[in-house]
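Report on the following structure.
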Amino acid sequence: MAAQLRTTRRGLLQTTGASLLGLALADWIMTDELIALAQSSTDGLQPLNRFPRMMQNYLVRRVREVEALANERRAALKTKADAEKYVQSVRERIRTCFGPEPKRTPLNPQITGVVERDAYNIEKVIFESRPGMLVTANLYVPKGREFPLPGVVGTCGHSTNGKAETAYQSFAQALARQGYVVLIYDPIGQGERLQYVTEELKSRIGVGVREHLYAGNQQMLVGEFLGSWRAWDGVRALDYLLTRPEVDKKHLGVTGNSGGGTMTTWLCGVEHRWTMAAPACFVTTFRRNAENELPADTEQCPPKALALGLDHSDFLAALAPAPVIILGKEKDYFDARGVEESYRRLKHLYTLLGAEDNIAHFIGPTYHGYTQENREAMYRWFNRVTQISDAQTEPALEIEKDETIQCTPKGQVSELGSRTVFSFTKEKAEQLRKQRKQPAGDAIAKAIVGVLKLPETVGVPEYRILRPIGGRKYPKKTAVAYAVETEPGIHALVTLLQDESRYSRPPREGKRAVLYVSHQSADAELREEPLVKELLEAESGVPFFACDVRGIGESQPDTCGVNQYLQPYGSDFFGAAHSLMLDDAMPAQRTRDVLGVLEWLADNGYEEVHLAAKGWGAIPATFAAVVSGRVAQVTLKNALISYSAVAESEDYTWPLSSFVWDILATVDLPDCYQWLKQKKQLRQVAPCGPADAPA
């Protein structure tokens with residue numbers, strides 16, 4: 001069946017081509033079939049999911065709390081000095097979030113060709129943003145004008161063909177016709193910069209979002225953020241622009257739409273040489289995105305951003321008082337209310353700085369995209385700043401074919417030996433593995449507590465006793481379900497198997513219990529998982545509990561669309577990405593769930609626990625087993641062999657919700673396994689490699 005699904009997806013991709021719509025359609029169909037397969041077990045039972053909105057409500061509550069505190073801080077700004085301190089504060093927090101700047105290395109620029117047109121030339125430029133990492137760009141240079149002229153860096157949205165997309169050619173060409181020198185470059189994973197290239201020079205992962213997710217999720221393990229990498233390309237694009245004598249260093253702008261609006265926003269935060277900016281179809285608020293169940297790809301979710309009290313508006317505030325216009329759309333999925341909220345915040349800040357006319361917003365009437373009305377709003381704003389033109393509307397344009405403006409011989413930098421994001425991730429993971437000192441003895445527990453930011457003590461949770469649901473065909477006569485509240489708004493769903501009917505609290509019989517942490521559904525695995533049967537036989541007479549941690553099984557989110565849970569851009573990713581922005585990785589949250597259930601068991605008399613887990617559940621179970629004195633024995637099935645293996649492998653299948661930010665700087669899973677073998681009788685069954693996540 002899995003092979004059949006892969007064949008189905010390949011056929012769809014061949015049919016639909018490399019369009020984002022085609023890729024999304026292929027993913028949706030693959031996901032729906034997989035979920036249908038998972039749900040159509042041999043007994044025909046539909047999965048239990050009594051808390052499907054739990055994770056969404058929890059994340060929205062936490063994001064709202066962050067925003068409320070940040071708004072209080074903004075409202076407290078009363079003077080120009082307050083505003084100046086705030087600008088400095090957001091710059092410092094953004095740098096914490098995005099990490100230190102890489103070393104500036106030689107750009108080694110090449111001009112591989114020139115396209116001559118009536119009012120401008122298009123130079124085909126390749127430069128290195130990092131050693132060996134090639135960036136393809138088009139430089140639009142006006143003709144018949146006196147230099148130097150204002151310069152603009154253009155950043156692309158998630159177009160398959162990058163800089164050659166009609167809307168992006170349009171704004172670059174129109175600005176050149178008005179007297180601007182414009183450098184527009186291909187993003188990582190788009191245009192001529194695909195990262196996962198087949199022999200036919202096509203992406204084997206999927207252009208744009210899919211490549212961003214695949215490269216970016218993996219980077220988290222080594223403390224790197226794809227948004228920072230992409231922004232660095234923009235910084236180096238500006239560096240190249242400033243080498244050109246045609247460019248007036250007093251007028252430097254940046255603009256882009258959608259994913260390019262993201263980059264424009266991030267570039268305002270990390271690069272302060274810009275004298276004007278126009279982000280389009282991205283700026284809203286993190287709260288609106290969370291409430292509206294809008295997944296944003298890896299580059300759009302900066303680690304720790306929410307924990308640091310940052311919002312979209314703060315990245316623009318970092319450029320204050322330079323002129324900025326926020327461009328939105330009335331019918332966009334990036335909520336127009338967030339555009340207005342961001343504008344109001346910035347208007348207050350700019351007014352205190354004595355530059356209230358330097359901030360504006362424009363909301364076009366149509367749907368997502370850098371359409372003509374938004375482009376024209378950008379032209380008017382830049383022209384107001386530079387006085388280079390009095391044009392109010394877009395000039396006539398002539399859109400080039402992709403091949404005409406491509407910089408490489410065959411349309412991909414891979415043919416020129418360019419390095420990939422993965423090659424850098426692998427290199428850093430290898431360095432960290434060699435440098436990392438294995439924690440000795442009980443220091444492993446301290447390392448895990450520090451990396452996961454676990455509390456020093458865990459209190460006994462409250463719990464609910466849920467009404468029984470019969471007919472589930474579990475291996476014992478009856479089952480009692482408990483919703484154990486591991487923190488406000490979060491329940492670990494625990495099922496107790498019994499040979500006799502029970503509707504009450506757990507029995508207080510003996511001190512030993514078995515706790516099984518599920519991979520994706522305790523309900524299904526109690527019926528179908530061989531390890532469960534084995535444990536029941538080996539621990540006959542010992543109370544057996546099975547647990548779904550948050551976001552799994554009985555609290556599997558039903559958000560972000562229909563059947564999107566297993567989709568790479570779906571609800572599991574949505575929760576994991578927001579958790580990283582809250583500086584609270586999903587494995588840390590799920591470890592707290594396991595620790596809470598262990599305390600709940602101890603409160604009911606079970607002070608000696610055989611902790612077993614499978615697949616995704618093995619990660620929080622491993623961490624909990626290391627730090628909890630309640631665990632006497634550990635059995636893991638299909639556990640990930642190591643995070644290093646994932647970071648060093650070009651192909652992997654483990655989700656972002658299994659990853660911990662920068663964990664490889666401190667510790668890795670084998671450190672835990674070795675300690676558990678010595679101290680807690682660890683037994684491992686069929687461990688999984690990077691590409692072997694259990695079905």
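Below are the figures for this structure:
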{"item": "Solution diffusion estimate, µm²/s, Stokes-Einstein, region 519-591, Kirkwood Rh from C-alpha pairs, 4 °C, viscosity 1.567 mPa s", "result": "93 µm²/s"}
{"item": "Point-charge dipole on Cβ atoms (K/R +1, D/E -1) for the chain, about Cα centre, debye to 20", "result": "1120 debye"}
{"item": "Relative packing of peptides 178-185, 536-543 - highest average C-beta neighbours within 10 Å first", "result": "178-185, 536-543"}
{"item": "Region 431-685, dipole about Cα centre (Lys/Arg Cβ +1, Asp/Glu Cβ -1), debye to the nearest 20", "result": "580 debye"}
{"item": "Three principal axis lengths of region 431-685 [C-alpha, angstrom, descending]", "result": "56, 45, 33"}
{"item": "Cross-link partners of residue 410 among lysines (Cα-Cα below 23 Å; sequence separation of 8 or more within a chain)", "result": "124, 163, 202, 401"}
{"item": "Region 598-693: projected area of the alpha-carbon convex hull, averaged over directions, in nm²", "result": "6.1 nm²"}
{"item": "Burial order of peptide ranges 87-95, 431-439, 669-677, 296-304 (average beta-carbon count within 10 Å, highest first)", "result": "296-304, 669-677, 87-95, 431-439"}
{"item": "Among 606, 215, 581 the positive-end extreme of the charge dipole of the chain (Cβ point charges)", "result": "606"}
{"item": "Extension reserve of the residue 111-residue 534 stretch, reckoned as 0.36 nm per residue once the Cα distance is removed", "result": "145.7 nm"}
{"item": "Reach of residue 614 by Cα under 15 Å, taken over aspartates and glutamates that are not fewer than 8 positions away in the same chain", "result": "523, 525, 528, 529, 534, 548, 692"}
{"item": "Per-residue [θ]222 nm for the chain (sum of -39500 (n - 2.57) over DSSP H runs n ≥ 4, rounded to 500)", "result": "-12000 deg cm²/dmol"}
{"item": "Estimated Rh, region 77-415: Kirkwood, alpha-carbon pairs, angstrom", "result": "19.9 Å"}
{"item": "Loop sites in region 282-382: chymotrypsin sites (Phe, Trp or Tyr not before Pro), DSSP, at most 16 other Cβ within 10 Å", "result": "333, 367"}
{"item": "Degrees between helix 2-16 axis and first principal axis of the chain (Cα, 0 to 90, nearest 10)", "result": "20 degrees"}
{"item": "Net charge of neighbours whose Cβ lies under 13 Å from the Cβ of residue 431, counting Lys and Arg as +1 and Asp and Glu as -1", "result": "+1"}
{"item": "Summed side-chain charge close to residue 556 - residues other than residue 556 whose Cβ falls under 9 Å, Lys, Arg +1, Asp, Glu -1", "result": "-4"}
{"item": "Distant alpha-carbon pairs in the chain (separation over 44 angstrom), percent", "result": "27 percent"}
{"item": "Cα gyration tensor category, rounded, prolate or oblate, for region 93-158 with a/c compared to 1.5", "result": "prolate"}
{"item": "27 Å Cα-Cα threshold exceeded, pairs from 143/249; 80/331; 143/331", "result": "80/331; 143/331"}
{"item": "Cβ-defined net charge surrounding residue 131, 10 Å radius [Lys, Arg +1; Asp, Glu -1]", "result": "+2"}
{"item": "The chain - percent relative contact order, Cα under 8 Å, separation 6 or more", "result": "15 percent"}
{"item": "Normalised per residue, the volume of the convex hull around the Cα set of region 135-223 (Å³)", "result": "110 Å³"}
{"item": "Proximal lysines relative to residue 428, as straight alpha-carbon distance under 26 Å, when same-chain residues fewer than 8 apart are discounted", "result": "103, 304, 437, 446, 453"}
{"item": "Rg and Dmax of region 342-457, Cα atoms only, in Å", "result": "26.2, 72"}
{"item": "Three-way shape label, region 477-535, alpha-carbon gyration tensor, a/c 1.5", "result": "oblate"}
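FYI, it's all coordinate maths here, none of it is from the lab. This is a predicted model, so every value here is computed, not measured. Please note: Cβ atoms are built from the backbone with ideal geometry, for glycine as well, and neighbour counts cover all protein chains shown.
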